[in-house]
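Note sheet for the following structure.
Quick note: the coordinates plus some simple rules give every number you see, no bench work behind them. Model, not experiment: these values are computed from the prediction. Note: ideal-geometry Cβ built from the backbone for every residue, glycine included; neighbour counts use all protein chains shown.
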Amino acid sequence: MYEAVHAYPDGDATVARQAMTAARYGYDGIVVRTRAALESGGGDETGGENAPATDPAAIADEHGVDVVDAVEIDADGPTAASGAVGNRRADHAVVCVVGGDDRLNRYAVEEPRVDVLARPNAGGGGFNHVLARAARDNEVHVEFDLGPVLRETGGDRVRALADLRKLREIVTYYDAPHVVSANASSHLELRAPRELVAVAAEAGFDGEWIREGLRAWGSIAARNRERLSGDFIEPGVRRGRYETQR
Amino acid sequence: MKHLPKHLRPRWRYLAVGIETWPDAEVGRRAFQRALWYGAGNLLGDAGSADAGLKLLSFSCSGGSGEAVVRVRRGHVEEARAAVACVSEVGGDPVGIRVRGISGTVRACEERYMRRAAASSTQRDVAFGDAERSAVVCGDAYDVRTESGYVGAAAFDIE
């Protein structure tokens, strides 16, 4: 099972600390949503020689969990988001678009190059049957963000729970792919998979469905890593052993 | 009052809970118990909260890490686990929290899941980012003090 986290400089814990905590909590890997936190995102140049570790493979070796470099695109509108997706797709295993308004949600689910529509309900954004169908056809995973359920109180939490319920009803009806995350921005906000399942069960989710959502991060990463590797030509076609490098 | 006969006594389960905070956080026993009850009340409602029980039996927390034993009525363990996971801050300090394990007796819970002595933490100056900063070191975990509060780092970041 994988969890998608924010890391320093975007969050309050470095990638290595998040990986260490995730390993202790029993995750198989973490998806780092912060672009500047890992090497391929350009994190190396910003911090100088004593910057926190940025090499995903080395961190993965050290702590025994997979570290996936991802990017979260938080744009003002579909045009800006589309440019950013085009630029980042080739460098990152997972591309998320932060939703939150109707036009962005619509753009994200209709773009096959996007892997995950993150936080579709965060702003005033809505989700409906049209978007669910598009998400299913384009294999865009809809994120179920349990963060507000864990960390908010009162009215905000009630609204978050109501939104999650509505989203769940639409997404399960159309069988659109989904991912689940606690959206942790530091190691203190991370929760173990069993805890997430228990909280979600109180909110009316099925336990196996939540675990499926946590595993989905891993399968997205595996698929895209294969596609980004040099041997991949198109679905079903790979460079074989008789092909020589030209 | 006279003890209840054995078959009428409530059955309990004991949760071993691991706690993590920033090194300067002051988390007290009463504050933690209150956070636990509030968390349960908000998530499970009054009736569910009363069913689960969630009584704090032992608690210790200092220097950024701690542990606790929470008593829960048997059969309400998953609800209790959810309530525990919803404790995100105690008295304004953010906490990381995790159920390490569940036992049928307090003694088994302590023997199996409690570390006898918490790893001692020390203060050290480390190079982090572009400056020399002071950090609280506890095993492999480094909490580095920066202008905007603590940043969690690992030994791997510092070397």
Quiz item: For residues in the stretch B:125-158 being of a type in the set (Ser, Thr, Tyr) and part of a strand (DSSP E or B), which is surrounded by the fewest Cβ atoms within 10 Å (Cβ to Cβ)?
Solution: B:Ser134
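Quick check: anything in the stretch B:77-86 touching a residue at least 60 places away in the same chain (Cβ under 8 Å), more than 8 Å from chain A (Cβ to nearest Cβ) and more than 20 Å from A:Met20 (Cα to Cα)? Explain how you work it out, then say what you get.
Residues of the stretch B:77-86 that are touching a residue at least 60 places away in the same chain (Cβ under 8 Å), as a first pass: B:77, B:80-81, B:84.
Within this subset, residues satisfying the condition of being more than 8 Å from chain A (Cβ to nearest Cβ) are B:77, B:80.
Pick out the ones that are also more than 20 Å from A:Met20 (Cα to Cα) and you get B:77, B:80.
Yes - at least one qualifying residue is present in the stretch B:77-86.
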Quiz item: When the stretch B:1-33 is examined, which residues are found to be in a helix (DSSP H, G or I) and free of Cβ contacts under 8 Å to residues at least 40 places away in the same chain?
Solution: B:Lys6, B:His7, B:Leu8, B:Arg29, B:Arg30, B:Gln33
Exercise. Being among the β-branched types (Val, Ile, Thr), in contact with an Asp or Glu (Cβ under 6 Å, 6 or more places away or on another chain) and more than 8 Å from chain A (Cβ to nearest Cβ) is the filter here, so list the residues in the stretch B:117-159 that pass it.
Key: B:Val136
Quiz prompt | Those residues of the stretch A:145-186 which are among the aliphatic types (A, V, I, L, M), within 29 Å of A:Arg17 (Cα to Cα) and either more than 10 Å from chain B (Cβ to nearest Cβ) or out of contact with any His (no Cβ under 9 Å at 6 or more places or on another chain) (or both), in sequence order | solution = A:Leu146, A:Val149, A:Leu150, A:Ala160, A:Val179, A:Val180, A:Ala182
Quiz item: Of everything in the stretch A:10-34 that's surrounded by 21 or more Cβ atoms within 10 Å (Cβ to Cβ) and among the basic types (Lys, Arg), which residue is nearest to A:Ala192 (Cα to Cα)?
Solution: A:Arg17
Self-check item: Subset tally (residues that are within 10 Å of chain B (Cβ to nearest Cβ) and assigned to a helix (DSSP H, G or I)) for the stretch A:53-72
Solution: 5
